[in-house]
Amino acid sequence: MRVGRVICRSAVTLGVLTATIIGLVDAQPQIGTGDVVADRQRLMKLNGASLGDINAKLKAGQIEAIAVNAETIALNARHIPTLFPPGSLSDKSKAQPAIWEKWADFQANARNLEAQAEKLRDAARSKDAAATEALAIDFGKQTCGKCHTPQADGKTFGPLFRSLM
Ligand code: HEC
């Protein structure tokens with residue numbers, strides 16, 4: 001019964017493969033703490049602190065020292081899309097459902113933040129004061145502002161996202 005044996009062997013191979021794949025999936029490390037809203041708010045707070053640092057260093061003329069803050073923002077930006085799985089809202093979240101309706105825009109805003117932060121980092125690293133200042137002066141508006149734009153009532157921030165406060 002050759003055919004039977006081949007089928008039998010295939011079934012065993014399939015079983016081993018399946019077990020291996022399940023094993024691999026199980027072995028995946030958990031990304032984040034498991035509370036995605038808290039994780040992204042933590043990341044965003046770090047963005048806020050980093051931007052504050054950038055502005056303070058700009059005023060103090062500490063050009064090269066801006067690089068570490070810009071790099072923090074760039075790396076953070078790369079993580080933004082994964083921290084917004086579809087429909088991940090809670091009463092603690094300030095995110096708007098529109099994020100997932102306009103997901104391509106949201107991702108583009110995160111990519112823009114990453115690219116601009118890398119430019120700022122590189123200018124600061126090269127100690128080019130003029131280039132660093134030119135990028136830093138409008139940085140928040142051109143990057144964070146794509147997701148956090150002040151609205152007429154002074155409280156909410158749009159086009160998609162609620163207040164930073
Ligand atoms: C791609 C869109 C996007 C970009 C770009 C972005 N943010 Fe946010 N940010 C959000 C969203 C959405 C929330 C609300 C998250 C929640 O509460 O679930 C938020 C929340 C925040 C918060 C509040 C965190 C808290 O404690 O609740 C701060 C502060 C913040 N962002 C600062 C920044 C700064 C500074 C930048 C730029 C360096 C930035 N963000 C760039 C989308 C963005």
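The values are calculated or read from the model by the stated rules, or taken from the named source; none is laboratory data. Computed from a predicted model, the values in this text were never measured in an experiment. Cβ sites come from the backbone with ideal geometry, for glycine too, and all protein chains shown count toward neighbours.
Only one of the listed residues (Ile54, Ile63) is over 27 Å from Gln30 (Cα atoms) and in a loop (DSSP other than H, G, I, E, B). That residue is Ile63.
Among the residues making up segment 87-107, those that are in a helix (DSSP H, G or I) and either surrounded by 13 or more Cβ atoms within 10 Å (Cβ to Cβ) or modelled with pLDDT of 95 or more (or both) are Ala98, Ile99, Trp100, Trp103, Asp105, Phe106, Gln107.
If you go through segment 70-86 one residue at a time, do you hit one that is more than 14 Å from Asp122 (Cβ to Cβ), surrounded by fewer than 17 Cβ atoms within 10 Å (Cβ to Cβ), more than 8 Å from the ligand (Cβ to nearest atom) and charged (D, E, K, R)? For segment 70-86, residues more than 14 Å from Asp122 (Cβ to Cβ), surrounded by fewer than 17 Cβ atoms within 10 Å (Cβ to Cβ), more than 8 Å from the ligand (Cβ to nearest atom) and charged (D, E, K, R): present.
Taking segment 108-127 as the range and being touching a residue at least 60 places away in the same chain (Cβ under 8 Å) and surrounded by fewer than 16 Cβ atoms within 10 Å (Cβ to Cβ) as the test, only Lys127 passes. A search for C-beta distances below 7 Å between a residue of segment 34-54 that is more than 8 Å from the ligand (Cβ to nearest atom) and any residue that is not in a helix (DSSP H, G or I), counting only pairs 6+ apart in sequence or on different chains, returns Val36/Pro85; Val36/Ser88; Asp39/Gly32; Asp39/Thr33. Filtering segment 134-144 down to residues that are surrounded by 15 or more Cβ atoms within 10 Å (Cβ to Cβ) and assigned to a helix (DSSP H, G or I), which residue is nearest to the ligand (Cβ to nearest atom)? The residue in question is Cys144.
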